[in-house]
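Asks: Could you have a look at this structure, given as structure tokens, before my questions?
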Amino acid sequence: MNKKNWQVPITIVLVFLGVLLSAQFQTQTRVLSDLSMQKTEDLITMVRNLSDKRMQLERELEENERKVLTIKNSSSDELNIINSLNAELNKLNLINGIEEIKGPGLQVIIDQDSPILYVDIVSIINELWAAGAEAISVNNIRIDTNSIFFYTETENAMYITLNHKPLTFPILINAIGNPNTLEKGLTLPGGIIDNLALFRAYPYLEQTEEIIIPAIENPPVFIDAIINKKTP
Amino acid sequence: MRKWVLPITIVCIISGLLLSLQFKAQASLTSNPIGQRNEALVGLINNSEEEIVKYQEAINVLREELDKIENSSPTGQVDIKQLQQKVQKAKLQAGLLPVKGRGIKVIVDDNNAGLNAAPNDDPNRYIIHYENILNIITELKLGRAEAISINGQRIVTPTEIRCVGNVILVNITRLAPPFEISAIGNPDILEEMLLSGEYDLLKGTGFPVSYTKYNSENPIEIPAYTGTYQFNYTKINE
């Protein structure tokens with residue numbers, strides 16, 4: 001009986017302590033994902049990216065305002081509508097990869113011996129977009145939203161596939177954009193090149209003054225997706 | 001015996017309180033200097049994000065207005081109608097129009113329950129990383145998804161999925177868990193791809209994940225891309 005008398009309070013105190021401790025842990029894990037707890041350099045990168053984006057949006061806003069104004073001022077003039085539509089179509093064709101394009105950029109060359117998987121190619125392309133690439137091709141095939149990366153196995157080898165066709169080595173990834181920025185995007189400490197080095201894969205990077213990227217092979221087909229017209 | 005039970009209880013409660021206070025004090029000690037140092041930057045980020053949202057809204061209003069003007073054919077001009085259709089199709093391809101259709105919606109979240117059960121473990125093992133999302137997207141594309149979005153951000157050709165510290169960014173926009181990935185396409189094919197890849201791995205390691213299939217009577221809605229396409233270095237190769 002005597003033993004039980006002191007066991008109860010102690011148990012209560014310990015339970016209480018446990019609750020406090022776990023509450024403490026929870027606040028600490030919450031703090032982990034708080035923005036102010038991230039590395040200063042990461043935050044600086046974020047600020048820089050955001051201000052770039054803001055500037056781009058500002059420009060786009062002005063451009064659209066101008067377009068609307070031009071059309072409104074001459075709404076009776078059909079020629080103006082045609083001109084506006086044509087200008088828009090030209091930009092959309094650039095976006096959609098309808099034309100062969102050229103520009104300065106970065107080449108990423110991956111040799112035969114590299115132990116590289118399809119997810120690595122996806123990662124490299126993802127990092128190139130993040131570094132401001134304007135267009136990308138892999139083994140001279142233009143990359144767009146619908147590009148499909150996967151792999152296929154034969155009896156004695158495994159191939160990375162792009163749009164279900166095997167990619168042959170050396171795999172050449174071309175990206176148009178600011179060559180310096182593109183290279184830095186891949187080589188920053190702890191970045192994709194560092195990661196690949198852990199698996200003994202060493203892609204070769206080369207800044208180039210002119211890269212040519214072909215038009216897309218097949219425009220995307222929409223069967224299930226239809227335009228979602230908003231009812232005003 | 002009873003005489004010393006009460007004092008011991010009191011001492012234990014007090015020491016418990018003290019310990020917890022100590023923890024709190026230490027937590028604020030370690031977080032405050034960094035927090036203060038970064039406060040200015042976080043302020044900048046929040047300001048930029050607010051302004052970006054305002055710009056995006058303004059641009060969307062203008063884009064819709066432009067769309068309406070361009071589609072209000074004056075007098076049944078054949079070439080204008082054709083041109084309008086071409087522009088509309090090109091906008092659809094560029095992800096600049098909202099779409100709907102049958103498909104699949106996947107929700108993945110941080111494994112908070114797992115972390116709480118093992119508080120001494122590395123927290124990184126319990127959060128969704130950008131690689132997980134990138135892999136799910138790659139697999140949905142393999143399942144011939146026609147349009148994809150994450151937490152309302154449309155995936156277009158130059159969309160990047162990355163992290164800054166523990167924060168996931170898509171189209172330079174900050175996203176927080178749970179992550180809702182919508183894909184329009186054949187729900188059965190999309191489901192098959194999902195269940196043989198990253199989704200299955202996450203499920204196997206205890207992450208709270210789920211998905212719902214949608215048919216065309218009850219379609220998924222995916223918004224238009226709100227960002228810009230930049231071509232400062234690209235020229236058409238004549």
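Asks: Which number in (1) free of Cβ contacts under 8 Å to residues at least 12 places away in the same chain; (2) of a type in the set (Gly, Ala, Ser); (3) surrounded by 14 or more Cβ atoms within 10 Å (Cβ to Cβ) marks the one condition that B:Gly227 misses?
Replies: So the condition that B:Gly227 fails would be (1).
Asks: For the condition away from chain B (no Cβ under 11 Å) and under 20 Å from A:Gly97 (Cα atoms), what is the one hit in A:Asn156, A:Asn174?
Replies: Working: A:Asn156 fails: under 20 Å from A:Gly97 (Cα atoms).
A:Asn174 is the lone residue from the list that is away from chain B (no Cβ under 11 Å) and under 20 Å from A:Gly97 (Cα atoms).
Asks: Still on this structure, please answer the following. At least 2 residues that are touching a residue at least 24 places away in the same chain (Cβ under 8 Å) and more than 29 Å from A:Pro115 (Cβ to Cβ) in each: list the strands (runs of 3 or more DSSP E) lying fully within segment A:154-232 that qualify.
Replies: On the way: elements: A:158-162, A:171-176, A:204-213.
Output list reads A:204-213.
Asks: Please work out if B:Leu134 is free of Cβ contacts under 8 Å to residues at least 40 places away in the same chain, of a type outside the set (S, T, N, Q) and more than 24 Å from A:Met55 (Cβ to Cβ).
Replies: Working: free of Cβ contacts under 8 Å to residues at least 40 places away in the same chain: yes; of a type outside the set (S, T, N, Q): yes; more than 24 Å from A:Met55 (Cβ to Cβ): yes.
Yes: the conditions hold for B:Leu134.
Asks: For segment A:94-143, which residues satisfy the criterion of being more than 9 Å from every other protein chain (Cβ to nearest Cβ), in a helix (DSSP H, G or I) and not acidic (Asp, Glu)?
Replies: A:Ile121, A:Ile124, A:Ile125, listed by residue number.
Asks: Take segment A:183-232 and flag every residue that is touching a Gly at 6+ places or on another chain (Cβ under 8 Å), more than 9 Å from chain B (Cβ to nearest Cβ) and not polar (S, T, N, Q).
Replies: A:Gly185, A:Gly191, A:Glu210, A:Ile211, A:Ala215, A:Ile216
Asks: Any residue at all in segment B:211-228 that is part of a helix (DSSP H, G or I) and more than 9 Å from chain A (Cβ to nearest Cβ)?
Replies: To start, the set of residues in segment B:211-228 that are part of a helix (DSSP H, G or I) comprises none.
Looking through segment B:211-228, none of the residues is part of a helix (DSSP H, G or I) and more than 9 Å from chain A (Cβ to nearest Cβ).
Asks: Let me spell it out: the conditions are (1) surrounded by fewer than 15 Cβ atoms within 10 Å (Cβ to Cβ); (2) free of Cβ contacts under 8 Å to residues at least 12 places away in the same chain, and A:Tyr151 meets all of them except one. Which number is the exception?
Replies: Going through the list (1) surrounded by fewer than 15 Cβ atoms within 10 Å (Cβ to Cβ); (2) free of Cβ contacts under 8 Å to residues at least 12 places away in the same chain, A:Tyr151 breaks only (2).
None of the figures in this text is laboratory data; all of them are computed from the coordinates on show. Owing to the predicted nature of the structure, the values given are computational and were not obtained by experimental measurement. Glycine also receives a Cβ, built like all others from the backbone with ideal geometry; neighbour counts cover every protein chain displayed.
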